[in-house]
4 protein chains.
Amino acid sequence: MADLKPIMSVEELDRFMDVAFPQMHEGGRLNVIEAVGPGAARLRLRYSDRNLRPGGTISGPAMMALADYAMYAVVLAHIGPVALAVTTNLNINFLRKPSPADIVAEAKLLKLGRRLAVGDVLMWQDGQDGPVAHVTSTYSIPPVPGASAGNA
Amino acid sequence: MADLKPIMSVEELDRFMDVAFPQMHEGGRLNVIEAVGPGAARLRLRYSDRNLRPGGTISGPAMMALADYAMYAVVLAHIGPVALAVTTNLNINFLRKPSPADIVAEAKLLKLGRRLAVGDVLMWQDGQDGPVAHVTSTYSIPPVPGASAGNA
Amino acid sequence: MADLKPIMSVEELDRFMDVAFPQMHEGGRLNVIEAVGPGAARLRLRYSDRNLRPGGTISGPAMMALADYAMYAVVLAHIGPVALAVTTNLNINFLRKPSPADIVAEAKLLKLGRRLAVGDVLMWQDGQDGPVAHVTSTYSIPPVPGASAGNA
Amino acid sequence: MADLKPIMSVEELDRFMDVAFPQMHEGGRLNVIEAVGPGAARLRLRYSDRNLRPGGTISGPAMMALADYAMYAVVLAHIGPVALAVTTNLNINFLRKPSPADIVAEAKLLKLGRRLAVGDVLMWQDGQDGPVAHVTSTYSIPPVPGASAGNA
């Protein structure tokens, strides 16, 4: 994966997402793209009462949405604004009960093929001894019209 | 799994969820428990603009939240109102692009042990030829204080 | 999935596998294809000392190999003898300790697209109350040379 | 995870495995534990004709067995020789076609709880640009008789 280079900046990703997913930030911008780099992206889920669960913890669905968004961001950052890339698989292990605080998600590409992109996302919180969740996910990349058939 | 019998009704589940997860239904009650039976529960995600994605499809996170809620419902229906049961793993395969319409989720227990419950959730829409998503998920059941250590 | 129809018989699958995977049956034919049907295949892992683990149980890797072979069989049965179809994802939940006896695997297609096939495999043993394992798996189907680009 | 420290050496692991899983090395010792460290273990699958598949690649089941063995090694190294720790979940993404050569597996613990251990395993080959497979897996740790009930 030596040759991975992002071709979209954080600002370009934000602009694309705002147009493609206007509903996403209803009620406030909670999932924030903080940085992109070679094969990687870092996002933050800002703490909000909306994501709370009994016992003062963050809801699982909020963490799954963060992971899905993080994977989407790292894939788009490397292939460009292709709204039709779709998640085909997402596997999450919840590791520790999160505190009522921000969650940081570090997404990394494990593979960027012509048809499939695979990555993992590690989520953690300041002050926690170990990650709060770990995700692997696969994206299907739409075929480029006119391109010859290639390997996945 | 011949001996599985729900011990909570739809009404009891609703009442428990409303108290335990008051935030869940903010903005309208979209995830609805429709039925519980031996080892099974059926839920419905009501169609809403909030869950829309580009191309007129339902968002992946909305489907993951539905699956998580469906598993929680089928587990609680069989072990009783234990707010502290927590998802430890969720694996989703997105199979077909959903139409802008309701999604039905059929959750089934594959195992109900003393420490772990495992189930799968099949999601489909009226008129679709085949399911829109399939989920497997594991719940960790908190130890009963005073109970002797047993097998998972 | 109303229109799924197998195009290879058990005998044709066996013949293809014997040529494509001569190593598979070294030391005895343990994974046996028993039946194929619309969107489905049934296989059997014959009990053998080779698959034993401490405590008189069947090894996890033997069950994963059975699941992988079952998915391969159900996919090939429906798309024809394409040696280059490859597993891209396999997720297994081990549910109950298997007895030292045969394991039956029922594989079902959840989706058969042009690029991806997704299915699940339920494994059980005679006399066990509930399945011993559950698997979901994705196969990547190689592009047909000359075919126009299509959806996954 | 700052405080993880292995309590078994490679030699102690080998000795335990040889007694607990005598069948594992039938036909030659292919899965080799090379090193253990804080929260980590490195294993090697030695190349052998037995693991070959059409097209000169390594079989998927051989890679799943390697991952399962690697997780078992890293868990045991940190909790001691508990033969009854069992895999409850294994999720593998096959990323690149392996060459007919050794595969190295780096296993890392993401969580080591009293009831569950979760880790991931990255597999690669010398000269490949990127990993050949990525695995996450969960082990259930048997309750210690007489211990008080604790969190997972």
Lone qualifier among B:Val104, B:Val74 - being in contact with a Leu (Cβ under 8 Å, 6 or more places away or on another chain), touching a residue at least 24 places away in the same chain (Cβ under 8 Å) and outside any strand (DSSP E or B): B:Val74
Boolean, A:Arg50 is under 28 Å from A:Arg15 (Cβ atoms) and at the interface with chain B (Cβ under 9 Å from one of its Cβ atoms): yes
Residues located in the stretch A:1-36, provided they are closer than 26 Å to A:Phe94 by Cα and either buried (at least 16 other Cβ atoms within 10 Å of the Cβ) or modelled with pLDDT of 85 or more (or both): A:Met24, A:Leu30, A:Asn31, A:Val32, A:Ile33, A:Glu34, A:Ala35, A:Val36
Scope the stretch D:109-126; condition under 30 Å from B:Arg114 (Cα atoms) and crowded, with 19+ Cβ neighbours inside 10 Å; matching residues: D:Leu109, D:Leu110, D:Lys111, D:Leu112, D:Arg115, D:Leu116, D:Ala117, D:Val118, D:Gly119, D:Asp120, D:Val121
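With at positive phi and not aliphatic (A, V, I, L, M) as the only criterion, which of B:Gly56, B:Gly113, B:Gly60 stands out? Before the answer, list the steps.
Values: B:Gly113 fails: at positive phi; B:Gly60 fails: at positive phi.
Matching residue, one of B:Gly56, B:Gly113, B:Gly60: B:Gly56.
State yes or no: is C:Ile58 touching a residue at least 24 places away in the same chain (Cβ under 8 Å), more than 15 Å from the chain's Cα centre (by Cα), closer than 30 Å to A:Ile141 by Cβ and more than 10 Å from every other protein chain (Cβ to nearest Cβ)? Talk me through it step by step, then tell me what you get.
Numbers: touching a residue at least 24 places away in the same chain (Cβ under 8 Å): yes; more than 15 Å from the chain's Cα centre (by Cα): yes; closer than 30 Å to A:Ile141 by Cβ: no; more than 10 Å from every other protein chain (Cβ to nearest Cβ): yes.
Considered against the rule, which asks whether it is touching a residue at least 24 places away in the same chain (Cβ under 8 Å), more than 15 Å from the chain's Cα centre (by Cα), closer than 30 Å to A:Ile141 by Cβ and more than 10 Å from every other protein chain (Cβ to nearest Cβ), C:Ile58 comes out as no.
Mind telling me which of the residues A:Pro54, A:Pro98 ends up being within 22 Å of B:Leu116 (Cα to Cα) and modelled with pLDDT under 90? Break it down into steps so the answer makes sense when it comes.
Working: A:Pro98 fails: modelled with pLDDT under 90.
Answer to the selection: A:Pro54.
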Filter result for D:Arg114 (within 11 Å of another protein chain (Cβ to nearest Cβ) and either in a loop (DSSP other than H, G, I, E, B) or more than 26 Å from C:His134 (Cα to Cα) (or both)): yes
Residue ID - farthest from B:Lys5 (Cα to Cα), chosen from residues in the stretch B:74-117 that are of a type in the set (S, T, N, Q) and more than 11 Å from the chain's Cα centre (by Cα): B:Ser99
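Tell me the residue from A:Ala65, A:Ala105, A:Ala70 that is of a type in the set (A, V, I, L, M), touching a Pro at 6+ places or on another chain (Cβ under 6 Å) and within 14 Å of chain B (Cβ to nearest Cβ), please.
Details: A:Ala105 fails: touching a Pro at 6+ places or on another chain (Cβ under 6 Å); A:Ala70 fails: touching a Pro at 6+ places or on another chain (Cβ under 6 Å).
Result of the check over A:Ala65, A:Ala105, A:Ala70: A:Ala65.
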Conditions (1) more than 15 Å from the chain's Cα centre (by Cα); (2) at pLDDT 75 or above: number failed by C:Met71: (1)
Of all residues making up the stretch C:77-101, the number that are in a helix (DSSP H, G or I) and under 19 Å from D:Phe94 (Cα atoms): 0
Set D:Asn51, D:Asn91: member being in contact with a Ser or Thr (Cβ under 8 Å, 6 or more places away or on another chain) and without any contact (Cβ under 8 Å) to a residue 24 or more places away in the chain: D:Asn51
Selection within the stretch B:76-102 - surrounded by 24 or more Cβ atoms within 10 Å (Cβ to Cβ) and more than 9 Å from chain A (Cβ to nearest Cβ): B:Leu76, B:Ala77, B:Pro98
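The values are calculated or read from the model by the stated rules, or taken from the named source; none is laboratory data. Since the structure is predicted, the reported quantities are computational estimates derived from the model, not experimental observations. Note that we place each Cβ from the backbone using ideal geometry, even for glycine, and neighbour counts take in every protein chain shown.
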